[in-house]
Amino acid sequence: RHHQRGGDRRPGTRGGVFRQKITDADRILATVLSQRNLCNQQTLADLFGVSRGTIRNAIEDVRPLLDQDTYVPRLADQRFAAAADVLTSVTEDSETPS
């Protein structure tokens, strides 16, 4: 399909092997960020370098586990539209003295 599309394979797409595209820790982090409404799934996919479907699958797998543990996320103060905005915010927060 990527030949028909005229480009390389998209990150996170199957290469004929069923394997996880991101680590378990990243799957949990992506789910928590999604539940906090920090950004949409496409932005998360861009941040983790995978497809939106991979993020969706991770959320569907991890969310029941967080619900079972009665995890209630606090909504984010700000919502980001692009991965670069999230990274800029994280960089600014880490440079601010405590």
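Rolling a 1.4 Å probe over the heavy atoms of the protein chains gives region 24-86 an accessible area of 60 Å² per residue. In this structure the amide hydrogen of PHE80, modeled in the peptide plane, comes within under 5 Å of the amide hydrogens of CYS39, none closer than 5 places in sequence on its chain.
For region 24-86, what does the alpha-carbon gyration tensor say about shape, rounded, prolate or oblate, given a ≥ b ≥ c as the root eigenvalues, a/c under 1.5 as rounded, and a/b over b/c as prolate? Note, shape of region 24-86 comes out oblate.
Among residues other than LEU38 with Cβ under 14 Å from its Cβ, the summed charge is -1 (Lys and Arg +1, Asp and Glu -1).
Which chymotrypsin sites (Phe, Trp or Tyr not before Pro) in region 31-98 pass both tests, a DSSP loop state and at most 16 other beta-carbon atoms within 10 Å?
Numbers: sites: PHE48, TYR71, PHE80; in loops: TYR71.
When the chymotrypsin sites (Phe, Trp or Tyr not before Pro) of region 31-98 are filtered for loop state and at most 16 Cβ neighbours within 10 Å, TYR71 remain.
What's the carbon and sulfur percent of region 24-86's accessible surface, probe 1.4 angstrom, rounded to a whole number? After summing per-atom areas, the C and S share lands at 48 percent.
The values are calculated or read from the model by the stated rules, or taken from the named source; none is laboratory data. Since the structure is predicted, the reported quantities are computational estimates derived from the model, not experimental observations. No Cβ is skipped: glycine too gets one built from the backbone with ideal geometry, and neighbour counts run over all protein chains shown. Ligands, DNA and RNA are stripped out before the accessible areas are found, and what is left, the full protein with its side chains, is counted by its heavy atoms. Shrake-Rupley method; radii C 1.70, N 1.55, O 1.52, S 1.80 Å.
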